[in-house]
Amino acid sequence: MLGAKVRARAKINLFLDVGEAREDGYHEVRSIMQSLELSDDLYFRRTDATSERFVLRCNESEVPLTNQNLVWHALEVFDANLGVMGREGIEVIINKKIPVGAGLGGGSADAAATLCAMNYIYELDLPMETLMEMAKEIGSDVPFCLEGGTCLAKGRGEEIMPLEPLPPLNVVLAMMGDKTLTADAYARLDELRKGQTPSEEQGGNLEALIEAVTRRDLDALFSRLYNSFESATMASGHAPDLKKAALEAGAKAVLMTGSGPAVFALAPSTEEASRVAWELERVAPLVIITKFSEKGAEVVSYS
Ligand code: ATP
């Protein structure tokens, strides 16, 4: 196998409770993560040895094409663990459709896609557990982006437990174009909490949300969405305006995803989704209609 096209699916957090900072600097999180149909497409090709081992190209100029790219990091981790590349190189074309720095996990999705591609084009047939170990080495959200569907995530986000898959609900994403650096969002959250007693901040009800997912009870699901970052990120950004517009347009539930700043609205019918998107387009330059997906990173074709 010389090449593969891989779909790298975006994620949203239906629930994200950020706990205390740990000794290793990471925060303990409890999250329910959900894959979306919205995806980047990545094309991988084995090449003869050249001066560059990895050559990355991308349609988005702001995405680094160096070892700062999570795809590059994933290629390094894969080869360090398995040593299959020998003197060969890899060329990757990243066709980004997931907005960058929005809380939609685009970089992590691309890294998960890289592990799938390498497994495929080197015909290794590695078990999921082996890919998962490498995913954990690359980043906290990479294991989920590999697994996909609906999952409970714990630890720093890398301990994944699949839940009952949810039906393909319509999702409307909206953002103003500003970006959040995840590290800054954690720092702001820590700062905000310094002056608070723990009871001042509700931590959401994870058990109730898991039950809603298990029973596929959408009304309960809509009422239990929660994100610790909303207080820290929303105060300074546009997310409150977007939330208000989506709710006024009849969205059943609206929440910021990850450390933001994108917000998502859930709409059971396509008519509702179109109405919410139409209203949001009046206030936000970037609005995307997509759906829940049961899949994570996936090889879709090869040569
Ligand atoms: P996080 O996973 O930290 O919540 P995010 O989903 O908000 O991140 P990403 O789209 O993953 O945001 O991008 C965050 C940063 O990661 C970008 O500013 C970019 O410089 C860097 N980056 C590295 N690799 C990639 C990639 N393959 N695609 C997009 N961004 C990447």
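Note on region 14-80: Kirkwood hydrodynamic radius from all Cα pairs is 15.6 Å, rounded to one decimal. Close amide-amide hydrogen proximity is noted between His27 and Arg22, each under 5 Å apart and 5 or more residues distant or on a separate chain (H modeled in the peptide plane; Pro and chain starts excluded). Amide H contacts of Ile98: Asp40, each under 5 Å away and 5 or more positions distant or on a separate chain (H built 1.01 Å from N in the peptide plane; Pro and chain starts excluded). For region 170-293, rounded, prolate or oblate, judged on the Cα gyration tensor with a ≥ b ≥ c (square roots of eigenvalues), a/c < 1.5 rounded, else prolate if a/b > b/c? Because a/c hits 1.5 or more and a/b fails to exceed b/c, region 170-293 counts as oblate.
For the chain, the longest principal axis of the Cα atoms and the long axis of helix 106-121 meet at an angle of about 30 degrees. Between the C-alpha center of region 31-66 and that of region 112-132 there is a gap of 15 Å. To the nearest 10 degrees, how steep is helix 270-281 against the longest Cα principal axis of the chain, on a 0 to 90 scale? For 270-281 against the chain, the angle is about 90 degrees. Taking the chain as a Gaussian network of alpha-carbon nodes connected by springs under 10 Å, the highest mean-square fluctuation of the residues Leu189, Leu82, Leu131 belongs to Leu82. Scanning the chain for GluC sites (Glu not before Pro) in DSSP loops with at most 12 neighbouring Cβ atoms within 10 Å leaves 124-303 as the longest stretch between them.
Treating each Cα of region 1-135 as an identical point scatterer and ignoring solvent, apply the Debye formula and state log10 I(q)/I(0) at q = 0.15 Å⁻¹. These q points yield log10 I(q)/I(0) values of -0.77. Applying the Karplus relation 6.51 cos²θ - 1.76 cosθ + 1.60 with θ = phi - 60° to region 41-49 yields 3J(HN,Hα) values of 10, 10, 10, 10, 9, 6, 10, 5, 4 Hz, where x marks Gly and Pro.
Across Leu173, Leu218, Leu280, mean-square fluctuation computed from a Gaussian network of the chain (C-alpha pairs under 10 Å connected) peaks at Leu218. To the nearest whole percent, what portion of all C-alpha pairs in the chain is separated by more than 32 angstrom? More than 32 Å apart: 26 percent of the Cα pairs in the chain.
Using the Cα gyration tensor of region 80-222, with a ≥ b ≥ c the square roots of its eigenvalues, what is the shape: rounded (a/c below 1.5), prolate (a/b larger than b/c) or oblate (neither)? Cα axes put region 80-222 in the prolate bin. Annotation: amide H-H contacts under 5 Å for Ser293 (H modelled 1.01 Å from N, sequence separation of 5 or more, or interchain): Ser35, Leu36, Glu37. Taking Cα centre as origin and charging only the Cβ of basic (Lys, Arg, +1) and acidic (Asp, Glu, -1) residues, the dipole magnitude of region 126-252 rounds to 300 debye. Applying 1/(1 + (r/R0)^6) with r as the Cβ-Cβ distance of Leu65 and Glu88 and R0 = 22 angstrom yields a FRET efficiency of 0.70.
What is the dipole size for the chain, taken about its Cα centre, with +1 at each Lys and Arg Cβ and -1 at each Asp and Glu Cβ, in debye to the nearest 20?
Details: 30 positive and 46 negative charges, 124 e Å.
Dipole about the Cα centre, nearest 20: 600 debye.
Site pair Glu191 and Asp125 shows an inter-label distance of 5.4 nm when each label is modelled 7 Å from Cα along Cα→Cβ.
Compared with the dominant principal axis of the Cα atoms in the chain, helix 70-82 is inclined by about 50°. Taking Cys116, Cys151, Cys58 in turn, the Gaussian network model of the chain (Cα-Cα springs below 10 Å) assigns the largest fluctuation to Cys58.
Rule-based calculations on the coordinates, nothing more; no lab input. In this text the structure is predicted, and so the values were computed from the model without any measurement. Methodologically, a virtual Cβ is constructed for each residue, glycine included, from the backbone with ideal geometry; neighbour enumeration extends over all protein chains shown.
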